[in-house]
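Notes follow once the structure below has been shown.
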Amino acid sequence: MSDLEELKKKVRKLQSRAGTAKMELNDLAEDLPVNWTEIKVVAEKAFDAFAQLDAVKRELSALEGSR
């Protein structure tokens with residue numbers, strides 16, 4: 001598998017993870033003030049998922065631009 005294909009696969013996986021994290025954050029927000037102590041944990045999980053996705057998307061874009 002080429003680097004380009006591997007990065008595209010990784011982007012799809014991270015998009016799924018980010019989407020799940022977004023839904024968890026949304027669910028938590030809808031249930032507030034219940035479980036308010038979980039805000040930091042859930043928000044950090046979502047932040048990390050989107051940061052990883054952004055980094056891989058940038059890497060993919062750079063690789064596609066160099067071809």
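The values are calculated or read from the model by the stated rules, or taken from the named source; none is laboratory data. Predicted model, so just to flag it, every value in this text is computed and none were measured. Neighbour counts are summed over all protein chains in view; Cβ atoms, including those assigned to glycine, are modelled from backbone coordinates with ideal geometry. Side chains included, ligands, DNA and RNA excluded: accessible areas come from the protein's heavy atoms. Shrake-Rupley method; radii C 1.70, N 1.55, O 1.52, S 1.80 Å.
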Specify the residue that is surrounded by the fewest Cβ atoms within 10 Å (Cβ to Cβ); the eligible residues are those in the range 45-61 that are over 11 Å from the mean Cα position of the chain (by Cα) and of a type outside the set (S, T, Y).
R58
Give just the number: which of (1) modelled with pLDDT under 95; (2) of a type outside the set (K, R); (3) exposed (fewer than 11 other Cβ atoms within 10 Å of the Cβ) does E64 not satisfy?
(3)
For the range 5-19, name all the residues that are within 8 Å of the chain's Cα centre (by Cα) and open to solvent by less than 80 Å² (accessible area, probe 1.4 Å).
L14, S16, A18, G19
Failed condition for L32, given (1) exposed (fewer than 15 other Cβ atoms within 10 Å of the Cβ); (2) in contact (Cβ under 8 Å) with a residue 24 or more places away in the chain; (3) out of contact with any Lys or Arg (no Cβ under 9 Å at 6 or more places or on another chain)
(2)
Do we find a residue being within 30 Å of S2 (Cβ to Cβ) and either in contact with a strand residue (DSSP E or B) (Cβ under 6 Å, 6 or more places away or on another chain) or among the acidic types (D, E) (or both) anywhere in the range 17-36?
no
